1. For segment 218-237, enumerate the residues that are within 13 Å of the ligand (Cβ to nearest atom) and small (Gly, Ala, Ser).
2. In segment 186-230, what residues are assigned to a loop (DSSP other than H, G, I, E, B) and not β-branched (Val, Ile, Thr)?
3. Take segment 41-54 and flag every residue that is surrounded by fewer than 13 Cβ atoms within 10 Å (Cβ to Cβ) and in contact (Cβ under 8 Å) with a residue 24 or more places away in the chain.
4. May I ask you to list the residues in segment 348-368 that are outside any loop (DSSP other than H, G, I, E, B) and either basic (Lys, Arg) or within 15 Å of Pro381 (Cβ to Cβ) (or both)?
5. Given segment 238-347, what helices (runs of 4 or more DSSP H) lie entirely inside it while holding 1 or more residues that are more than 16 Å from the ligand (Cβ to nearest atom), in the same structural domain as Ser192 (by TED's automatic domain parsing) and not small (Gly, Ala, Ser)?
6. Are any of the residues in segment 153-170 assigned to a helix (DSSP H, G or I) and more than 21 Å from the chain's Cα centre (by Cα)?
7. Condition check: modelled with pLDDT of 95 or more and farther than 19 Å from Lys185 by Cβ. Does Lys34 satisfy that?
Amino acid sequence: MINYKNNRLFVESVSIQDIAKTQPTPFYVYSHSKISNTYNELKKTLDSEILFAVKANSNQAIIKLMAKLGAGADVVSIGELERAILAGVSPQKIIFEGVGKTKKDIEYAINQKIRLINVESVDELQRINEIALQKDESVNVGIRLNPNIDAQTLDKISTGKKTDKFGIDTDKLNNIFEILKVSKKINLIGLSCHIGSQIFNLDVFSDIFQKMKDNAQIFIDKGYNIKHLDLGGGLGVNYKTNEKKLNLELIKKEMDKCFNGTTYNLSFEPGRYLVANAGILVTSVITIKNNGGINFLITDAGMHSFIRPALYNAQHEIEAVEISNEQLINYTIAGPICESTDIFRKNISMPKQKVNNLIVIKDTGAYGKVMASNYNSRGTPIEILVKEDNFFVIYKPLSTKELINQDMIPDWLN
Ligand code: LLP
């Protein structure tokens, strides 16, 4: 779906060079059919509810596509909740997570009548209880557990160890039970966990399943009706060609081993898995220069357009949009931002490039545009959705003027 045909890069049947004729770089391009196929395969293989983690890509068109495919949503802020509802996700298929929910967040979530709010601390459960009493309304909650499992992934995207800030330490369950015992307005209907991103190890998945089942039993034994077990996101995605793919069938086998005979509504909340490989970032070469023997290829996308390499040392494949027979050269691909960390890849081999050539940074459909900024007073990229032989602009950034107009000068400075 994102392939070279006659040495030119296409997303479905649209040539990237054709898009660039009318749209300024840098721009993200997503493939409608790659997203749909990935969702359908995941849904079918895991045979569970899929709650799209909107944080990975919160464009209205993408969430709407997910909703049409049947996905619910996992949101972590009022903004994401509004986005999910506006895009047509049924509130009963939305769960609200996040380690720092304010009173305003909680009230908003209650008013929207979503499925449940996932509680992440004893203190938060108390706050929800107070708000529910004030409003004189029953509130459905889940408990996000911290299962103390090492996701065996990058430290910066690991969230499920005892020392991480996320979820409720299972040693603290007694405090939870005490509050639940006296609270008249809280309905505990689910448990959830999310231990990190980019999980590939099957043992880690089976550990999650077993811990969730064991903990659910503890709650059931205390008399709670746990209907929903949310098994988290974090399904690993390939960022390099020829990497071993996550084996969904084996994950499903582990699930069956653990949950056969139970009646929980099982769900996952993946973000990256559904969109990462369905998106690319297209950028133009602005300058080519040699400093200290290094060939720098400076692009108009930078860490302000796509921050994963600068922030996590993430390695994304980078290629020319048109493959030529020019001699191969080792380039370091860097953005235009005034920071040394604004580098996408060091020392990669590519056919010799010229200024204005188009370059593609691959697998950027997740945590791409959503993490872009206006640093150096630059704009964020446009977003484009391709469906068969058509493309649609689905996000138009603010103009420089509009951005500047967000600032306000107090009278005394004028
Ligand atoms: N559920 C919760 C509670 C989460 O915190 C996250 C991600 C997800 C689900 C979805 O995880 P996924 O399936 O996408 O791995 N910006 C980082 C990733 C941060 C993930 C934060 N939480 C990156 O670019 O790698």
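1. Taking segment 218-237 and keeping what is within 13 Å of the ligand (Cβ to nearest atom), we get 230-237.
Those that are within 13 Å of the ligand (Cβ to nearest atom) and small (Gly, Ala, Ser): Gly232, Gly233, Gly234, Gly236.
2. Applying the first criterion (assigned to a loop (DSSP other than H, G, I, E, B)) to segment 186-230 yields 193-195, 197-198, 200-201, 222-227.
Correct list: Cys193, His194, Ser197, Gln198, Phe200, Asn201, Lys222, Gly223, Tyr224, Asn225, Lys227.
3. Within segment 41-54, the subset surrounded by fewer than 13 Cβ atoms within 10 Å (Cβ to Cβ) is 41, 44, 47.
Within segment 41-54, Glu41, Asp47 qualify.
4. Residues of segment 348-368 that are outside any loop (DSSP other than H, G, I, E, B), as a first pass: 348-351, 358-361.
Listed by number, the residues that qualify are Leu358, Ile359, Val360, Ile361.
5. Values: elements: 248-259, 272-275, 308-312.
So the answer is 248-259.
6. To start, the set of residues in segment 153-170 that are assigned to a helix (DSSP H, G or I) comprises 155-157, 170.
After this cut, where a residue has to be more than 21 Å from the chain's Cα centre (by Cα) as well, the list is 170.
There is at least one residue in segment 153-170 that is assigned to a helix (DSSP H, G or I) and more than 21 Å from the chain's Cα centre (by Cα).
7. Values: modelled with pLDDT of 95 or more: yes; farther than 19 Å from Lys185 by Cβ: yes.
So Lys34 passes the test.
Condition check ((1) under 30 Å from Ser31 (Cα atoms); (2) modelled with pLDDT under 95; (3) away from the ligand (no atom under 14 Å from the Cβ)) across all residues:
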site: Ala53; (1), (2), (3): yes, no, no
site: Gln60; (1), (2), (3): yes, no, yes
site: Lys64; (1), (2), (3): yes, no, yes
site: Ala73; (1), (2), (3): yes, no, no
site: Ala109; (1), (2), (3): no, no, yes
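The values are calculated or read from the model by the stated rules, or taken from the named source; none is laboratory data. Just so you know, these numbers come straight off a predicted model, no measurement behind them. FYI the Cβ positions are ideal-geometry reconstructions off the backbone, even for glycines, and counts take in every protein chain you see.
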